[in-house]
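In what follows, a single structure is set out as structure tokens and then discussed.
The values are calculated or read from the model by the stated rules, or taken from the named source; none is laboratory data. Worth saying up front: this structure is predicted, and the values here are computed from it rather than measured. Neighbour counts run over all protein chains shown; Cβ positions are idealised from the backbone, glycine included.
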Amino acid sequence: MRFYMVDVFAERKYQGNQLAVLLPDRELETSEMQQIAKEFNFSEITFVMSGKKTDGGYDVRIFTPDVEIPFAGHPSLGTAYVIRHVIEKGNNDPVLLNLGVGQIPVAFAEGERPVLWMAQKQPEFRDAIEPSVIADILQIGVEDIDASFPIQVASTGLPAVIVPVKTLKAAQRCAIHHQKYERFLKEGADANILVFTQETLHEMNDLHVRVFVNDTGYYEDPATGSANGNLAGYLLEHEVLGKSSIQLRVEQGYSIGRDSLLLIDASKNNGEFEIKIGGKVFLVANGDWL
């Protein structure tokens, strides 16, 4: 079984979010795919279930080390990159992925190192969450949270709690309190946590983001396409930037040494959202899974 390792939302190799894409040459049980995901121990890996299309798209399954999930951003871009270069041999048409949330198109911009763009589903929003609850989980002060906007779960397929903080320093101080996050999850808020601020490390970027995932260890994710899609919907829903159309550069992963750049291109018109998340992909390795 061939596999390909790529870095997604990277500006060069060894940045961004790691992904393994596997092309099974035999039928695999779900339990074996889960074991392979745990063996890689990346935030996610994917399996392209066949080199043939179904309803115009490729059937893809996504696994974290713990569970199968219906959607995730960097696995979608990375898998589309491998499909284009390995299965479709450089075809310039958009790649359609059949995921648990439905069909997701991934387009390729022109250029020597093209940006891949993924369209996301319409966002859904839940009730606001008390700031003190999230402040305790992140081990920051309530005063660090920007009270101008709500703390809220948003989802375009994989939910995230969106947390606006006032400063870069506040974002950098965030550290998950495991017991309090676990209790929060058990109470029904099954979601990752995305912290964002308009203060950035690099002047050319618009937002600084950190994402903490609700998997074993509650680790920090270096680059999260799904959560940034949720963030795009949140920014438009609450007019955080005062615009109905946004094009943003988002820096993520700096706290864990995996510098990442995600691009947001999104708009809201008459209650309908159009959300696209973009980034570059670099192939770093390939081989045989024995």
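Quick notes
- Unmet criterion (only one of (1) loosely packed, with under 13 Cβ neighbours inside 10 Å; (2) within 17 Å of Thr224 (Cα to Cα); (3) small (Gly, Ala, Ser)) for Ser255: (1)
- Of the residues making up region 255-282, those that are closer than 15 Å to Gln15 by Cβ, part of a strand (DSSP E or B) and without any contact (Cβ under 8 Å) to a residue 40 or more places away in the chain number 0.
- Checked against (1) free of Cβ contacts under 8 Å to residues at least 24 places away in the same chain; (2) more than 30 Å from Asp265 (Cβ to Cβ), Phe184 passes all but condition (1).
Listed here are the residues, each with its yes/no results for (1) in the same structural domain as Glu68 (by the TED database); (2) touching a Pro at 6+ places or on another chain (Cβ under 8 Å); (3) not aliphatic (A, V, I, L, M).
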{"position": "Thr156", "(1), (2), (3)": "no, yes, yes"}
{"position": "Val163", "(1), (2), (3)": "no, no, no"}
{"position": "Arg183", "(1), (2), (3)": "no, no, yes"}
{"position": "Phe196", "(1), (2), (3)": "no, yes, yes"}
{"position": "Asp206", "(1), (2), (3)": "no, no, yes"}
{"position": "Val209", "(1), (2), (3)": "no, no, no"}
{"position": "Ala223", "(1), (2), (3)": "no, no, no"}
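- So Asp215, is it in the same structural domain as Ile176 (by the TED database), surrounded by fewer than 20 Cβ atoms within 10 Å (Cβ to Cβ), assigned to a loop (DSSP other than H, G, I, E, B) and acidic (Asp, Glu): yes
- Lone qualifier among Phe71, Phe40, Phe63, Phe9 - being farther than 23 Å from Asp265 by Cα, buried (at least 21 other Cβ atoms within 10 Å of the Cβ) and not assigned by the TED database to the domain that holds Asn228: Phe63
- The criterion of being surrounded by fewer than 13 Cβ atoms within 10 Å (Cβ to Cβ) and farther than 16 Å from Trp289 by Cα does not hold for Arg26.
- Count of residues meeting criterion [assigned to a strand (DSSP E or B) and without any contact (Cβ under 8 Å) to a residue 60 or more places away in the chain] in region 233-254: 7
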